[in-house]
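Heads up: the structure comes next, in structure tokens.
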Amino acid sequence: MSISLLNSIRRTLVVCSVPKIMAVRQSSDMTKFKEALKSAKQVVILSGAGISAESGIPTFRGAGGYWRKYQSTSLATPGAFKSSPSLVWEFYHYRREVAAKVQPNAGHIAIAQYEQKHGSDKTITVITQNVDGLHARAGSKNLLELHGNLYKTRCTKCKEVLALEGRGAPDENVVGSDIPEKSLPHCKKSGCNGLLRPHIVWFGESLDPYVLSKAEEAMSACDVCLVVGTSSVVYPAAMFASQAAARGAIVAEFNIEPTPATHEFHYYFEGPCGTTLPEALAD
Ligand code: BJW
Ligand code: ZN
């Protein structure tokens, strides 16, 4: 899908879903933002792949978004799993190995510490599109993982994930995958033996209704929202912060570059969020 088509869908969606987009005068005044944060009672931090970039996990869009010769987003679809479950399992096996080896960075830690410090007098919710588990490892508690988790499988009664030892290396000369389907992880539930899949929300699939409703609840109640390291192009998460800004919540974006949504927000803090977030969330 072209960027212009995407932007036009996005504009249509926002126009349809909120009565009017308020013109906001944008600021990068950190002192002023911190004052607003201080008086907020309900705070949401909405994160995307950019927050994990400084831990060494590639983002989806941009140079790092490839595994072997495949664009990562092309493997994150039910169609890809249907046509080659082994290829998709290898891809996620590689992703798990990468995520397990890295550590939460200053951005994840600043968010977790902010919740520990202010969670008794504010409602602080972290809504992440990431599946890498780094927010939880940093200590975030009130956490909603919108797109699932790398370390869970779909068969909910049996969480066991069998290791695919030695598979998943990002060798660009390797095409396809040849693990027989019977060797892929299967459900251990008596009488089931169904093929397991990563517990991830792929394109065209619905988000978990409970997680989505909790996220919508937090978004519609927040006074302040921090949008961190997301390109704001994947729905429904892409409209959360725009809707909050349109109803009057204060929204601050933290990114290394502007996104299609930047102009809708009150604050824009340019730079790596491992640097900007600790400053924004410190007392
Ligand atoms: C830094 C940084 C640093 C870098 N510091 N910043 C309405 C209109 C049009 C289409 C749709 C629509 N509603 C639904 C759709 C279809 C689709 C969609 O949105 N498509 C768009 C591409 C248009 N959405 C869905 O299918 C969703 N399902 C759904 O809505 O069901 C109902 C429905 C279906 C179909 C039609 C209508 C309704 C499901 C979406 C699932 C997304 N899944 C993925 C894969 C997860 C699996 C995996 O991890 O393998 O989730 S896609 C991928 O994108 C992943 C991410 O979570 C997601 C968002 O990406 P994110 O996090 O923003 O990353 P990047 O790489 O895009 O951006 C990184 C940012 O960081 C950049 O801005 C950098 O600048 C920045 N950055 N370093 C600060 N140090
Ligand atoms: Zn089963």
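The values are calculated or read from the model by the stated rules, or taken from the named source; none is laboratory data. What you see is a predicted model, and the numbers here were worked out from it, not measured in a lab. All Cβ positions, even for glycine, are placed from backbone atoms using ideal geometry, and neighbour counts span all protein chains on display.
A few notes on this one:
- Subset tally (residues that are surrounded by fewer than 19 Cβ atoms within 10 Å (Cβ to Cβ) and among the hydrophobic types (A, V, I, L, M, F, W, C)) for region 61-84: 2
- With respect to the conditions (1) within 15 Å of ligand 1 (Cβ to nearest atom); (2) among the charged types (D, E, K, R); (3) under 21 Å from Arg154 (Cα atoms), Arg61 lacks only one, and its number is (3).
- Every residue from region 33-60 that is over 14 Å from the mean Cα position of the chain (by Cα), among the polar types (S, T, N, Q) and surrounded by 17 or more Cβ atoms within 10 Å (Cβ to Cβ): Gln42, Ser55
- Some residue of region 235-244 being in a loop (DSSP other than H, G, I, E, B) and over 14 Å from Ile51 (Cβ atoms): yes
- Checked against (1) farther than 20 Å from Cys225 by Cβ; (2) at pLDDT 95 or above, Ala112 passes all but a single condition, namely (1).
- Filtered by the rule that a residue be within 12 Å of ligand 1 (Cβ to nearest atom) and more than 24 Å from Gly274 (Cβ to Cβ), region 212-255 gives Leu212, Tyr235, Pro236, Met239.
- All positions within region 138-151 that are modelled with pLDDT under 95 and either out of contact with any Phe, Trp or Tyr (no Cβ under 7 Å at 6 or more places or on another chain) or not in a strand (DSSP E or B) (or both): Gly148, Asn149, Tyr151
- Enumeration of residues in region 55-93 that are in a loop (DSSP other than H, G, I, E, B) and either in contact with a Ser or Thr (Cβ under 9 Å, 6 or more places away or on another chain) or free of Cβ contacts under 8 Å to residues at least 24 places away in the same chain (or both): Pro58, Thr59, Phe60, Arg61, Gly62, Ala63, Gly64, Gly65, Ser84
- Of all residues in region 94-123, those satisfying the criterion of being assigned to a helix (DSSP H, G or I) and either exposed (fewer than 15 other Cβ atoms within 10 Å of the Cβ) or among the small types (Gly, Ala, Ser) (or both) are Ala99, Ala100, Lys101, Ala106, Gly107, Ala110, Ala112, Gln116, Lys117.
- Some residue of region 204-222 being within 16 Å of ligand 2 (Cβ to nearest atom) and not small (Gly, Ala, Ser): no
- Of residues in region 237-283 being acidic (Asp, Glu) and surrounded by 18 or more Cβ atoms within 10 Å (Cβ to Cβ), the one nearest to ligand 2 (Cβ to nearest atom): Glu253
- Cβ-Cβ contacts under 6 Å between residues 6 or more apart (or on different chains), taken from a first residue in region 100-126 that is within 11 Å of Ser55 (Cα to Cα) to a second residue that is among the acidic types (Asp, Glu) and at pLDDT 95 or above, are listed as Asn105/Glu54.
- When every residue of region 204-224 is checked against the conditions, at least one turns out to be over 30 Å from Arg154 (Cα atoms) and surrounded by fewer than 23 Cβ atoms within 10 Å (Cβ to Cβ).
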